[in-house]
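A short write-up of the structure that comes next.
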Amino acid sequence: MDKSMAKGLVIGGIATVVLGAGAVTGYQTISTPKTADVVAVKEVIENIVTPQERCDEVAVRHQAPVQDDKRVAGSVIGGLAGGLLGSQIGGGNGKTLATVAGAAAGGYAGNQVQKGMQERDAVVTKERRCRTVNEKSKQIVGYDVTYRLAGKEGVARTTFRPGPTLPVKDGQVVVTAPQAPAKS
């Protein structure tokens, strides 16, 4: 075997290996799926609680300001009325005693009547009252997607609702949202 024949065999062998490797890589590129079929999509829902302040105008009852806090007017009027009634009873020293007793009892009664009237005397005002109320809502936070890739089923969570297929890159399902084309 001469040298040129040996060189030809070596070069031919190398060319065969290079072309074979290129063919295998090309076949893998052609045979690798570009998409996975979507089998099912389930929404992932989260309960959201948002505090809200609610305010209302409320009628509030307050005791009216008291002009006569010692209730002198009630005591005096009651004492006069009681003394007048007491003077109508009996005669002599008994009449004086009845007048004094009537005045004392009437003074006490007038004082208590005025106290009751003052306690019931009220002023109604409007006040703003606020409270925190929790608003409850549901929010979709993602999608659990069942897909079929190369004859096998898998599940992935996406942030977007997929169409009938999911893109595949380097043999893996892409779960990020597709980018919108740039506007020029």
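None of the figures in this text is laboratory data; all of them are computed from the coordinates on show. Being a predicted model, the structure only gives us computed values, none of them experimental. Cβ sites come from the backbone with ideal geometry, for glycine too, and all protein chains shown count toward neighbours.
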Open item on the list: Which three numbers, in whole Å and largest first, are the semi-axes of the equivalent ellipsoid of the chain derived from its Cα gyration tensor as √(5λ)?
Closed with: 111, 15, 13
- [ ] Please get the size of the charge dipole for the chain, origin at its Cα centre, with Cβ charges of +1 on Lys and Arg and -1 on Asp and Glu, quoted in debye to the nearest 20.
- [x] 200 debye
Task: Farthest positive-ward along the chain dipole, Cα basis, beta-carbon charges - from Ala98, Pro164, Val72 - done: Pro164
TODO: Return the FRET efficiency for the residue pair Val66, Lys95: r is the Cβ-Cβ distance, R0 is 30 Å, and the value is rounded to the nearest 0.05.
DONE: 0.25
- [ ] Could you compute the FRET efficiency for Tyr108 and Asp56, with r as their C-beta to C-beta distance and R0 at 45 Å, rounded to 0.05?
- [x] 0.50
Task: Likely footprinting exposure, Val145, Val124, fewest C-beta neighbours within 10 Å first - done: Val124, Val145
TODO: Over all directions, average the projected area of the Cα convex hull of the stretch 65-120 and note it in nm².
DONE: 3.4 nm²
Open item on the list: Test of understanding: ordering Tyr143, Tyr108 by Cβ neighbours within 10 Å, fewest first, what list do you get?
Closed with: Tyr108, Tyr143
- [ ] Considering the options Gln118, Val174, Ile11, tell which one lies farthest towards the positive end of the dipole of the chain, charges being +1 on Lys and Arg and -1 on Asp and Glu at the Cβ, about the Cα centre.
- [x] Ile11
